[in-house]
Structure formats: C-alpha cells, structure tokens
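The values are calculated or read from the model by the stated rules, or taken from the named source; none is laboratory data. Computed from a predicted model, the values in this text were never measured in an experiment. Here the Cβ positions follow ideal geometry from the backbone for every residue, glycine too, while neighbour counts run over all protein chains shown. What goes into the accessible areas is simple: the full protein's heavy atoms, side chains included, and nothing from ligands, DNA or RNA. Shrake-Rupley method; radii C 1.70, N 1.55, O 1.52, S 1.80 Å.
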Amino acid sequence: MPQSPRPTACLALADGTLFFGKGFGATGTTVAELVFNTAMTGYQEIMTDPSYAGQVVTFTFPHVGNVGANPEDDEAADPVAEGMVVKWDPTEPSNWRATESLSAWLQKRGRIGLGGVDTRRLTRAIRQQGAPHVALSHDPSGNFDIEALVAKARAFRGLVGLDLAKDVTCAQSYRWDEMRWAWPQGYARQEQPLHRVVAIDYGAKRNILRSLASVGAEVTVLPATATAEDVLALNPDGVFLSNGPGDPAATGAYAVPMIRGVLDRSDVPLFGICLGHQMLALALGARTVKMNHGHHGANHPVKDLETGKVEITSMNHGFTVDSQTLPVGVKETHVSLFDGSNCGLRLVDRPVFSVQYHPEASPGPQDSAYLFDRFAQAMAERGRRPSAG
Ligand SMILES: NC(=O)CC[C@H](N)C(=O)O
C-alpha cells in the first residue's frame with residue numbers, strides 16, 4: 001500500500017531513536033513501556049488483555065488488521081494496551097465476524113496505532129535496550145515536537161514499583177455467567193457447575209473465567225483488594241488468582257496478605273496464572289525481578305519438569321519469579337525452554353500451584369488447558385474428604 005508522503009504518527013524512544021509512519025486509531029500522545037509480541041493471530045485479544053496496561057505493543061507479525069474487530073474477541077471491555085505499532089497500514093477487514101475496522105475500533109476506544117514501521121529494527125532495539133520507555137504520538141498534521149516527545153519518554157517512570165491492578169480490576173464482585181465455552185470444539189467441558197471458585201481479578205482475561213466455567217466452576221469474581229476474610233466468607237472450593245498488569249511486588253502489598261491468609265486459614269486448592277503466579281511466589285517467600293524484554297507471544301516452549309512434556313504456550317510477562325529464591329516445600333514445576341526462567345511452581349504437600357504463562361491462551365495454543373482440569377480435580381478430591389468444607 002502506498003505510504004502517505006508525510007508521516008502522521010511518531011514513536012520516540014527515550015534514547016532519542018525515532019520511528020515515523022502512518023497514524024491510525026485515536027489521535028493524541030501516550031507514554032508507556034514498549035514491548036514486542038510475536039503471536040501470528042489475536043491482535044484484538046492482545047490489545048484487550050488487561051496485563052498490557054502501561055505498555056505499547058509492537059506486533060512482529062506483519063499482517064495486522066486484516067480481520068478487523070468484532071464484539072466476541074475482547075478479553076476485557078476495552079483495549080487496555082496504550083497503543084500498537086505494526087509493519088503495514090492496517091487493511092480493510094476481510095472476515096465474516098468483523099463489525100468494524102481495526103482503525104475505527106481503536107479510535108472509538110481512545111487507543112493510538114502506528115503503521116508502516118520497520119518492526120524488525122524496532123524489535124531489535126527493544127531486545128537491546130530492554131523494554132524501552134516511549135512516547136507515541138498520532139497527529140494528522142504531521143507536526144511533531146520531537147524534543148518534547150523524547151523528553152516525555154524519558155520522564156516516564158516505568159513499570160517497576162507500579163501497582164496497575166487496582167486500575168483494571170472490577171469495581172465490585174460479580175458472578176461469571178456467560179454461557180460460552182473456552183474451547184468450543186474438541187475439548188471436554190462440564191455443563192453443570194460442580195465447584196464454587198472465587199477468582200480474584202487483578203486484570204483477568206475473560207477466557208480464563210470461561211476456562212474455569214468449562215471445567216465445571218461456578219465463578220464469583222472479587223476485586224483485587226479483596227481480603228482473606230472476603231474470600232473465605234464465600235466458603236469456596238477453590239481460589240483462583242488472575243493475571244494482571246504492573247509490578248507484582250507493588251500489587252503484592254495487598255495481595256500477599258490475602259494469599260497468606262487463605263493459605264494459613266484454609267486447605268482450599270489454589271491456582272494462579274501469570275501475575276497470580278508471581279504473587280503466590282511472593283506470598284510463599286520468593287522474589288520477583290524485572291526481565292530485560294519479557295516474554296510476549298503465543299509460541300513459547302515450556303517444559304513440565306514432572307512429566308517431561310513440552311507444551312507450547314501463550315505468554316505475556318515482563319517480570320519473573322527468581323527460582324533460586326523458592327523456599328523449601330515449594331517445587332519448580334515448569335521452565336521456559338527459551339531462557340530457563342521459572343514458569344511454574346507448586347507446594348509439595350497440598351494442591352496449591354501456579355504458572356507464569358497463559359493456559360487459557362486467547363490467543364495461542366491450547367496445550368496447557370490440562371491445568372484447569374488439574375484445578376477441578378483438586379477441588380473434587382477435597383470435596384470427597386470427610387473434613388472438607
Ligand atoms: N500477564 C500477566 O499477568 C503479567 C504479569 C506482570 N504484570 C508481568 O508483566 O510480569
């Protein structure tokens with residue numbers, strides 16, 4: 001597609017590197033951390049994943065925008081990522097589910113897009129600099145104050161120490177009652193609720209809640225700041241800790257006491273995903289650290305250390321659990337085959353476990369869906385014990 005002669009969007013990295021291209025979506029300027037995502041499908045799910053709060057996403061897959069946007073693929077009510085950077089100008093949608101173009105969808109929801117960028121060069125910069133701070137600006141006039149943009153990027157504080165879960169969590173508790181299955185074809189599912197699950201929403205993706213419902217959970221979602229008393233008052237069969245944005249150590253200020261309270265005062269199975277995994281690790285006494293450029297994609301190989309099986313996973317994280325700090329009684333269960341970083345843990349003596357990746361996929365492969373079954377099985381086993389409940 002021919003490029004407009006005058007660029008209408010600009011991405012300024014804090015080191016002064018500039019990328020110009022064609023703006024789409026909303027106009028304006030935003031500052032954020034910049035990451036790249038290698039998934040070949042699912043840009044709408046990625047943009048609406050609440051874990052991307054405070055971040056702009058560069059898509060390494062070159063064709064983005066070609067299936068438009070639709071009301072079914074949202075992982076949250078609105079896009080949460082601050083903006084997106086793509087190689088080509090988004091094309092008109094060509095898909096039977098599309099109800100609007102990517103550009104119109106972003107514009108209505110106040111999110112900025114930049115197209116026509118050499119995303120391979122940009123991705124190399126992200127790898128070398130380690131998730132740089134950026135200012136992204138879309139202005140149809142094409143008049144950019146470059147120095148001001150670079151200064152804005154430099155002034156951005158970054159995600160370390162930032163609790164963003166409180167910004168994306170639900171305002172009040174609710175029951176998940178959508179009658180849609182996480183895996184419409186080819187995967188076993190339960191039609192009747194068998195277990196009561198309390199899910200703490202740090203920025204939960206919808207397909208996680210669907211996945212819990214698919215294995216027979218009646219899911220009550222509580223806001224991020226729920227206490228152990230709030231959780232235990234609902235007498236759950238299992239507790240779930242969701243994914244979410246920001247620094248786990250910051251969110252842990254209120255999440256860790258809740259998790260500790262639940263662990264100390266009950267024997268309910270507990271399952272965590274991504275931010276939930278990191279906060280469970282913190283509650284057990286381990287440490288989390290910021291990664292260089294993180295893991296964001298749908299092609300990350302992970303080894304299950306207990307079965308020896310490799311699963312291809314969906315990932316989106318910029319912090320990681322330092323496995324060297326896992327205390328006695330906590331077993332590392334999964335590792336990344338890309339860089340050996342921790343991808344899962346469990347308590348040796350009770351059904352409390354978590355993974356760094358996204359078994360609900362959306363987008364991504366469904367290799368790890370067995371983890372939801374494992375959670376359901378743990379709840380069923382506890383229910384069979386005479387002392388349970
Ligand atoms: N997907 C997630 O839950 C992300 C967790 C955390 N915000 C991180 O970046 O590591």
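Yes/no matrix, rows are residues, columns are (1) within 25 Å of Arg124 (Cα to Cα); (2) assigned to a loop (DSSP other than H, G, I, E, B); (3) free of Cβ contacts under 8 Å to residues at least 60 places away in the same chain:
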residue: Gln324; (1), (2), (3): no, no, yes
residue: Pro327; (1), (2), (3): no, yes, yes
residue: Phe372; (1), (2), (3): no, no, no
residue: Ala380; (1), (2), (3): no, no, no
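Quick one: Asp201 ticks every box in (1) within 16 Å of the ligand (Cβ to nearest atom); (2) over 22 Å from Met47 (Cβ atoms); (3) crowded, with 24+ Cβ neighbours inside 10 Å; (4) free of Cβ contacts under 8 Å to residues at least 60 places away in the same chain bar one, so which box is it?
Looking at each condition in turn, Asp201 falls short on (2).
So in region 248-260, with the set limited to residues that are open to solvent by less than 10 Å² (accessible area, probe 1.4 Å) and touching a Leu at 6+ places or on another chain (Cβ under 8 Å), which one is farthest from the ligand (Cβ to nearest atom)? Explain how you work it out, then say what you get.
Here is the first cut: in region 248-260, the residues open to solvent by less than 10 Å² (accessible area, probe 1.4 Å) are 248, 251-252, 255, 258-259.
Next, only the ones that are touching a Leu at 6+ places or on another chain (Cβ under 8 Å) stay: 248, 251-252, 255, 259.
Working: Pro248: 6, Thr251: 8, Gly252: 11, Ala255: 12, Ile259: 15 Å.
It comes out as Ile259.
Give the residue, chosen from Asp230, Asp264, that is away from the ligand (no atom under 16 Å from the Cβ), open to solvent by 10 Å² or more (accessible area, probe 1.4 Å), in contact with a strand residue (DSSP E or B) (Cβ under 8 Å, 6 or more places away or on another chain) and assigned to a helix (DSSP H, G or I).
Among Asp230, Asp264, only Asp230 is away from the ligand (no atom under 16 Å from the Cβ), open to solvent by 10 Å² or more (accessible area, probe 1.4 Å), in contact with a strand residue (DSSP E or B) (Cβ under 8 Å, 6 or more places away or on another chain) and assigned to a helix (DSSP H, G or I).
Kindly indicate whether any position in region 164-173 is within 15 Å of the ligand (Cβ to nearest atom) and open to solvent by 70 Å² or more (accessible area, probe 1.4 Å).
yes
Output the residues belonging to region 6-35 that are open to solvent by less than 20 Å² (accessible area, probe 1.4 Å) and of a type in the set (Phe, Trp, Tyr).
Passing the criteria: Phe19, Phe24.
Pick from region 306-326 the residues that are under 13 Å from Ser341 (Cβ atoms) and of a type in the set (A, V, I, L, M, F, W, C): which of them is farthest from the ligand (Cβ to nearest atom)?
Checking each candidate, the answer is Leu326.
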